Amino acid sequence: MNPAPITTSVFDLFKVGPGPSSSHTIGPMKAAYDFRQRLGELPDNALQRADTLHIQLYGSLSATGKGHGTDRAIVAGLLGQQPETADPDELLSLLKDPTVTYPVQVRDRTFAVGPDHIHFNRKRYDSPYANTMVLQLTSAEEIILEEEYYSIGGGFILRKGEHTDTEVARPVDLPYSYSTMKELKEQLKHHTLELSELMLANEMAVTGCGRKEINQRLDDILEFMHKAVRRGLRHRGILPGSIKLHRKAPVLYKQARGLAQSSDSFLIFLNAYCLAASEENAAGGIVVTAPTSGASGVIPGLTYLAKHHFHYDKTTLRNGMLAAAAVGFLVKHNASISGAEMGCMGEIGTASAMGAAFLTYAAGHKIEAVEAAAEIGIEHHLGMTCDPIGGYVQIPCIERNAMGAVKAYNAFLLATAGTHSLQKISLDSVIKVMKATGRDMSTKYKETSEAGLALSATEC
Ligand code: SF4
């Protein structure tokens with residue numbers, strides 16, 4: 001059976017929201033907001049019997065949810081906040097005082113929610129996804145409403161009983177349907193289309209927006225990314241959390257400017273841009289999932305470089321973003337972009353492949369070179385584990401964004417040298433390998449902080 005065609009929107013993949021983790025912050029906030037909406041639909045007699053809210057967290061959400069701010073994100077969602085409009089400072093202030101509870105208003109009833117209502121369960125839970133949360137409204141005798149949600153990476157969520165993510169599988173007639181790179185290339189060849197044209201046409205069908213609006217939204221997304229870079233280049237000091245990690249982006253930026261004539265400066269600038277956005281993410285600032293918040297430094301760093309050093313115009317940047325989105329879609333559709341499912345190869349590996357596609361397409365190369373660059377980007381992240389120290393998206397995450405961007409640049413250089421038809425491994429093949437590797441990887445290395453760097457760094 002052929003997999004369903006990809007109907008994800010570019011703006012589902014590139015989402016604006018607060019850091020530090022799309023699966024642990026944006027997804028849970030969306031789930032809590034959805035639960036709040038469902039509470040509002042309860043019949044009056046059920047609502048009057050209820051007295052308590054409970055939030056049960058399992059798997060990686062339980063293991064690293066504290067460090068990732070999952071509890072704060074859930075409270076914010078229950079209070080009616082949504083990721084794209086949430087105020088990061090307000091979010092950071094939630095649950096600071098463990099004795100304080102917050103009123104969740106549902107029609108004429110008010111339910112308190114605080115630390116005692118959020119349960120970080122260590123026991124295993126029979127669930128098809130690593131990031132599972134169960135939200136309940138109860139009375140002394142019964143569960144009045146219970147919904148089970150899965151945070152499946154990049155801020156995408158699923159509710160139990162829904163067979164697929166509504167943001168991914170919309171019932172829409174696409175002008176150019178595809179589910180693999182092979183099919184995408186066939187469509188381009190058959191219709192003699194440029195990749196950006198195909199992506200725009202599909203995006204118009206998925207969102208109902210016109211070309212002008214989509215272009216504007218792409219410009220806005222780039223601006224959100226670059227705002228995060230600019231903020232990160234300015235902000236100094238120590239990041240939140242027990243590691244007490246110093247921000248490094250401003251130091252690198254100053255160093256790069258001082259070395260403007262040196263051959264190293266290009267790399268130092270790129271490092272500074274990637275670290276800047278990643279450090280903003282770690283601080284809970286507003287970032288863009290690309291494809292996740294943990295990996296939200298790679299593409300902002302590369303696009304900032306392309307804009308300010310290569311002086312690419314708006315159209316070139318937009319086209320590159322559409323090529324990056326095509327690669328992100330293929331990984332999301334055929335493997336996963338979630339660190340809790342794939343380890344870090346699903347996050348930084350995908351971001352690096354997307355970044356390589358951006359650079360290659362923006363530089364004017366054809367789909368075969370874009371495919372080769374993306375394949376190389378993933379190939380050299382295969383097996384990369386996710387073991388963040390203390391459950392914070394800081395070590396290894398921040399530097400890993402810079403490393404992912406540098407690999408993306410090298411993938412672009414390697415893919416655009418010589419003949420693409422000699423490339424031995426297809427993007428579809430490497431995505432299959434990624435999926436199989438993710439399945440074989442121990443859960444200890446999938447955003448649980450139970451092994452690897454998370455254990456060895458005792459000095460933190
Ligand atoms: S190690 Fe990678 S996958 Fe894990 S939290 Fe950090 S950036 Fe995300």
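The values are calculated or read from the model by the stated rules, or taken from the named source; none is laboratory data. Quick caveat: nothing in here was measured; it's all calculated off a predicted structure. Glycine also receives a Cβ, built like all others from the backbone with ideal geometry; neighbour counts cover every protein chain displayed.
Note on region 1-53: residues that are buried (at least 24 other Cβ atoms within 10 Å of the Cβ) and of a type in the set (Phe, Trp, Tyr) amount to 2.
Scanning region 121-151 for residues that are of a type in the set (Asp, Glu) and under 25 Å from SER293 (Cβ atoms), we see that the one that is farthest from the chain's Cα centre (by Cα) is GLU147. The single residue among ILE238, ILE221 that is closer than 26 Å to GLN394 by Cα, buried (at least 20 other Cβ atoms within 10 Å of the Cβ) and touching a strand residue (DSSP E or B) at 6+ places or on another chain (Cβ under 7 Å) turns out to be ILE221.
So for region 413-421 (the condition being crowded, with 24+ Cβ neighbours inside 10 Å and in a helix (DSSP H, G or I)), does at least one residue qualify? Yes - at least one qualifying residue is present in region 413-421.
For region 136-150, residues that are surrounded by 15 or more Cβ atoms within 10 Å (Cβ to Cβ) and either within 30 Å of LEU195 (Cα to Cα) or modelled with pLDDT under 95 (or both) total 0. Selection of first residues in region 340-361 that are on the phi < 0 side of the Ramachandran plot and not assigned by TED's automatic domain parsing to the domain that holds THR64 and of second residues that are more than 9 Å from the ligand (Cβ to nearest atom) and among the basic types (Lys, Arg), restricted to Cβ pairs under 6 Å at least 6 apart or on distinct chains, gives the following pairs, ordered by first then second residue: SER352/LYS407.
Picking from residues in region 22-59 that are acidic (Asp, Glu) and not in a helix (DSSP H, G or I), the one that is farthest from GLY80 (Cα to Cα) is ASP51.
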